[in-house]
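Participant: This is the structure, below, for whatever I ask next.
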Amino acid sequence: MHDLDRRAQGLGKRPALMLVDLICGFTDPHSPLGCDSADVVAANQQLLAGFRRACLPVFYSTVVYRSSEQAKVFRQRLPDLNILVPGSQWVQIDPRLTPRPNETIVEKCHASVFHGTDLLERLHEAGIDSMVVTGMTTSGCVRATAVDGLQYNFKVTVVREAVGDRNQGAHEANLRDLNAKYADVVSLESVVCELNSLGVLP
C-alpha cells in the first residue's frame, strides 16, 4: 500500500519550544523510568539556546501525582510512575536544562501535555502558531503531545535528535508514524536553519 501524500508544514511565524518531560525521572538512567539520554539533553540545550536568543516562548512539562486518584488506571498499568510525587527529585526538570523565571512549567498527569492542563490557553495567549516538540519519550508523551498539537491546529515539528525512548524500536517506529501523518520529523540542524530564515536569531 502506498504512503499518503503529505506536505511539510515547517515552522510558523511564531513557534514555541515544548520540552516534554525532560525531568530527572526520565533522563536519569538510575530512575526505573529513565535511560541514558545525554545526547537528547545536549540537542535540547542547543534548541533552548536558540529559542532564548530569539526571544521565543519556551514551555516545559513535568509529571506530578498529588493524589491517589490522579491517573490511577495509568499508574496501575505502569507502577513505576508512582515515583513521580511532589518533592521527589524525579519530578524536577533536568538541571542541564534549568528553566528561566520567564519560562513556563506545565504540570501534568497523563501522556499529552495538553490533557487536563492549561497549555492550549497559554499557547493562544502567547500568539503561538506552531510547536517544536522535544523530550521523552518518543512513543509516549512526545507522540501524544505532537498529535494533540496537530489536532489543536498547530504546525508541529519533532526534532529527531532531541527526542528519546527506552526502546529504540519503538522510537524509530513512532518517528516514522509521526512524520507520515502528524508532524514534520526533522534534524536539529534544519530547525536551527529555519529559525535563522525567520529572521529571529541574531
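The values are calculated or read from the model by the stated rules, or taken from the named source; none is laboratory data. Just so it is clear, the model here is predicted, and its values are computed rather than measured. Heads up, the Cβs are rebuilt from the backbone with ideal geometry, glycines too, and the neighbour counts pull from every protein chain shown.
Residue by residue, here is whether (1) in contact with a Cys (Cβ under 9 Å, 6 or more places away or on another chain); (2) of a type outside the set (S, T, N, Q); (3) at pLDDT 95 or above; (4) under 21 Å from Gln46 (Cα atoms) holds:
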site: Pro101; (1), (2), (3), (4): no, yes, yes, yes
site: Ile105; (1), (2), (3), (4): no, yes, yes, yes
site: Lys108; (1), (2), (3), (4): yes, yes, yes, no
site: Arg122; (1), (2), (3), (4): no, yes, yes, no
site: Gly127; (1), (2), (3), (4): no, yes, yes, no
site: Val133; (1), (2), (3), (4): no, yes, yes, yes
site: Val142; (1), (2), (3), (4): no, yes, yes, yes
site: Asn153; (1), (2), (3), (4): no, no, yes, no
site: Arg160; (1), (2), (3), (4): no, yes, yes, yes
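Participant: Does any residue in the range 175-198 that is touching a residue at least 60 places away in the same chain (Cβ under 8 Å) and under 16 Å from Ala43 (Cα atoms) come within less than 8 Å, Cβ to Cβ, of a residue that is assigned to a helix (DSSP H, G or I) and among the polar types (S, T, N, Q) six or more places away or on a different chain, and which pairs are these?
Facilitator: Within 8 Å, the pairs are Leu188/Gln46; Val192/Gln46.
Participant: Here's a check for you: in the range 37-57, which residue that is assigned to a helix (DSSP H, G or I) and among the aliphatic types (A, V, I, L, M) is farthest from Ser139 (Cα to Cα)?
Facilitator: Selected residue: Ala49.
Participant: Given the criteria free of Cβ contacts under 8 Å to residues at least 40 places away in the same chain and β-branched (Val, Ile, Thr), does Val58 qualify?
Facilitator: So Val58 fails the test.
Participant: Among the residues of the range 138-163, write down those that are over 12 Å from the mean Cα position of the chain (by Cα) and within 16 Å of Pro15 (Cβ to Cβ).
Facilitator: Leu150, Tyr152, Asn153, Phe154, Lys155, listed by residue number.
Participant: Could you identify the single residue in Gly50, Gly10, Gly25 that is on the phi > 0 side of the Ramachandran plot and small (Gly, Ala, Ser)?
Facilitator: Gly10
Participant: Okay, next question. Condition check: under 19 Å from Ala183 (Cβ atoms), in contact with a Ser or Thr (Cβ under 6 Å, 6 or more places away or on another chain) and among the acidic types (Asp, Glu). Does Asp129 satisfy that?
Facilitator: Against the criterion (under 19 Å from Ala183 (Cβ atoms), in contact with a Ser or Thr (Cβ under 6 Å, 6 or more places away or on another chain) and among the acidic types (Asp, Glu)), Asp129 does not qualify.
Participant: Being crowded, with 16+ Cβ neighbours inside 10 Å, assigned to a helix (DSSP H, G or I) and of a type outside the set (Val, Ile, Thr) is the filter here; which residues of the range 71-93 pass it?
Facilitator: Arg75, Leu81, Trp90
Participant: Further question: Can you find even one residue in the range 111-131 that is more than 15 Å from Val63 (Cβ to Cβ), in contact with a strand residue (DSSP E or B) (Cβ under 6 Å, 6 or more places away or on another chain) and small (Gly, Ala, Ser)?
Facilitator: Yes; the residues of the range 111-131 include at least one that is more than 15 Å from Val63 (Cβ to Cβ), in contact with a strand residue (DSSP E or B) (Cβ under 6 Å, 6 or more places away or on another chain) and small (Gly, Ala, Ser).
Participant: Among the candidates Gly25, Gly34, Gly12, which residue alone is part of a helix (DSSP H, G or I) and not β-branched (Val, Ile, Thr)?
Facilitator: Selected residue: Gly25, the only one of Gly25, Gly34, Gly12 that is part of a helix (DSSP H, G or I) and not β-branched (Val, Ile, Thr).
Participant: May I ask you to list the residues in the range 68-127 that are among the aromatic types (Phe, Trp, Tyr) and either without any contact (Cβ under 8 Å) to a residue 60 or more places away in the chain or under 23 Å from Ala146 (Cβ atoms) (or both)?
Facilitator: Phe74, Phe114
Participant: Somewhere in the range 60-70, is a residue of a type in the set (S, T, N, Q), assigned to a loop (DSSP other than H, G, I, E, B) and within 21 Å of Pro15 (Cβ to Cβ)?
Facilitator: No, that holds for no residue.
Participant: Let me ask something else about it. Are any of the residues in the range 50-70 farther than 24 Å from Arg160 by Cβ, at pLDDT 95 or above and either touching a helix residue (DSSP H, G or I) at 6+ places or on another chain (Cβ under 7 Å) or buried (at least 19 other Cβ atoms within 10 Å of the Cβ) (or both)?
Facilitator: Taking every residue of the range 50-70 in turn, at least one turns out to be farther than 24 Å from Arg160 by Cβ, at pLDDT 95 or above and either touching a helix residue (DSSP H, G or I) at 6+ places or on another chain (Cβ under 7 Å) or buried (at least 19 other Cβ atoms within 10 Å of the Cβ) (or both).
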